[in-house]
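The values are calculated or read from the model by the stated rules, or taken from the named source; none is laboratory data. Keep in mind that what you see is a predicted model, and the values were worked out from it rather than measured. With ideal geometry, Cβ positions are generated from the backbone for all residues, glycine too; neighbour counts draw on all protein chains shown.
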Amino acid sequence: MNQPDRIRLYGHPFSSYTWKVQIALGAAEVPYEFCILDEDHPENGAFVAAHGGPLAKFPVLAKGEDVIFESSSIIDYINNRFSPPIPLIPSDTEAAVGIRMLDRVFDNYVMTPMQDVVGEYLRSPDSPDAARCAEARQRLRRSYAWLEAWLPWYHRAPDLITLVECAAAPSLFYADWVEPIGDEFPALKAWRAQLLALPPVSACVEAARPYRAGFPLGAPDRD
């Protein structure tokens, strides 16, 4: 039974944006109840339909009367409400602008083109639009090149998790399945591996493993 004063996270273990919030909750050491969206729990789908914004999207986080959708906004809430041992978003306003900017890079320029390809395979598994897939993959490669050039400037402790890592880990995990990060991007490839080794990220990878057969392009035999 749901406990109204405990954090409840509505999402799915295979969802990249659900991962994004779960990584933040793990890094912030905040316990929560996971409310899975599936056929066996229609009440969770009904909650998201009522509280997931204009398009009833998940994840949705609830605590008492507080209900927040959109993963970046949820992480803002976690950071402000629970004061993690290491802030997910710095208190310095200028530093916070940079962190939020990178969050948008991963959501808009890595996660979105990856999902565009996945969407094509969901729409038409046997005949996805080749031109649309090629264009989305090209956008991914442009993002990879930009990130490869950016990474040397990103000086963070290897085990530090901020909003940037919360956004980067799931987007790079699935993007590499859609358009493999090649040897021409050694820093990005190494960082992806480093991110997947972080305990809150590794927990998401393992929880999602039973659902890999549902990946529309066919999940690669790795990770």
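For the stretch 88-111, the condition of being in contact with an Asp or Glu (Cβ under 6 Å, 6 or more places away or on another chain), surrounded by fewer than 19 Cβ atoms within 10 Å (Cβ to Cβ) and either within 16 Å of Lys20 (Cβ to Cβ) or free of Cβ contacts under 8 Å to residues at least 12 places away in the same chain (or both) holds for none of the residues. When Ile89, Ile74, Ile68 are checked against the criterion of being in a helix (DSSP H, G or I), under 20 Å from Gly26 (Cα atoms) and either modelled with pLDDT of 95 or more or among the acidic types (Asp, Glu) (or both), a single residue qualifies: Ile74.
The residue that is surrounded by the fewest Cβ atoms within 10 Å (Cβ to Cβ), counting only those in the stretch 51-65 that are touching a helix residue (DSSP H, G or I) at 6+ places or on another chain (Cβ under 6 Å) and either in a loop (DSSP other than H, G, I, E, B) or small (Gly, Ala, Ser) (or both), is Ala56.
Of all residues in the stretch 153-208, count the ones that are in a helix (DSSP H, G or I) and at pLDDT 95 or above.
So the count comes out to 38.
Quick check on Arg81: is it surrounded by fewer than 19 Cβ atoms within 10 Å (Cβ to Cβ) and part of a loop (DSSP other than H, G, I, E, B)?
no
Between Ala207, Ala187, the distinction of being within 26 Å of Asp76 (Cα to Cα) and of a type in the set (Gly, Ala, Ser) belongs to Ala207 only. Considering each residue of the stretch 137-144 in turn, at least one proves to be without any contact (Cβ under 8 Å) to a residue 12 or more places away in the chain and of a type outside the set (D, E, K, R). Among the numbered conditions (1) touching a residue at least 40 places away in the same chain (Cβ under 8 Å); (2) loosely packed, with under 12 Cβ neighbours inside 10 Å, the only one that Ala131 does not meet is (1).
Matching residues to (1) touching a Phe, Trp or Tyr at 6+ places or on another chain (Cβ under 9 Å); (2) over 17 Å from Ile68 (Cβ atoms); (3) part of a strand (DSSP E or B); (4) aliphatic (A, V, I, L, M):
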position: Tyr10; (1), (2), (3), (4): yes, no, yes, no
position: Tyr17; (1), (2), (3), (4): yes, no, no, no
position: Gln22; (1), (2), (3), (4): yes, no, no, no
position: Val30; (1), (2), (3), (4): yes, no, no, yes
position: Phe34; (1), (2), (3), (4): yes, no, yes, no
position: Asp40; (1), (2), (3), (4): no, yes, no, no
position: Ala46; (1), (2), (3), (4): no, yes, no, yes
position: Ala49; (1), (2), (3), (4): no, no, no, yes
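Only one of the listed residues (Val97, Val110) is at negative phi, in contact with a helix residue (DSSP H, G or I) (Cβ under 9 Å, 6 or more places away or on another chain) and at pLDDT 95 or above. That residue is Val110.
Please work out if Leu196 is over 15 Å from the mean Cα position of the chain (by Cα) and either in contact (Cβ under 8 Å) with a residue 24 or more places away in the chain or surrounded by 14 or more Cβ atoms within 10 Å (Cβ to Cβ) (or both). Even if it seems obvious, please write down each step before you answer.
On the way: over 15 Å from the mean Cα position of the chain (by Cα): no; either in contact (Cβ under 8 Å) with a residue 24 or more places away in the chain or surrounded by 14 or more Cβ atoms within 10 Å (Cβ to Cβ) (or both): yes.
Spelling it out, it is not the case that Leu196 is over 15 Å from the mean Cα position of the chain (by Cα) and either in contact (Cβ under 8 Å) with a residue 24 or more places away in the chain or surrounded by 14 or more Cβ atoms within 10 Å (Cβ to Cβ) (or both).
Test Glu184 against the stated conditions and say whether it is within 26 Å of Glu120 (Cβ to Cβ) and of a type in the set (D, E, K, R). Quick ask: steps written out before the conclusion?
Values: within 26 Å of Glu120 (Cβ to Cβ): yes; of a type in the set (D, E, K, R): yes.
Spelling it out, Glu184 is indeed within 26 Å of Glu120 (Cβ to Cβ) and of a type in the set (D, E, K, R).
Residues in the stretch 149-177 that are in contact with a Pro (Cβ under 8 Å, 6 or more places away or on another chain) and within 28 Å of Gly119 (Cβ to Cβ): how many? It would help to see each step written out before you state the result.
Let us first name the residues in the stretch 149-177 that are in contact with a Pro (Cβ under 8 Å, 6 or more places away or on another chain), namely 161-162, 175, 177.
Restricting the remaining residues to those that are within 28 Å of Gly119 (Cβ to Cβ) gives 175, 177.
Here the count works out to 2.
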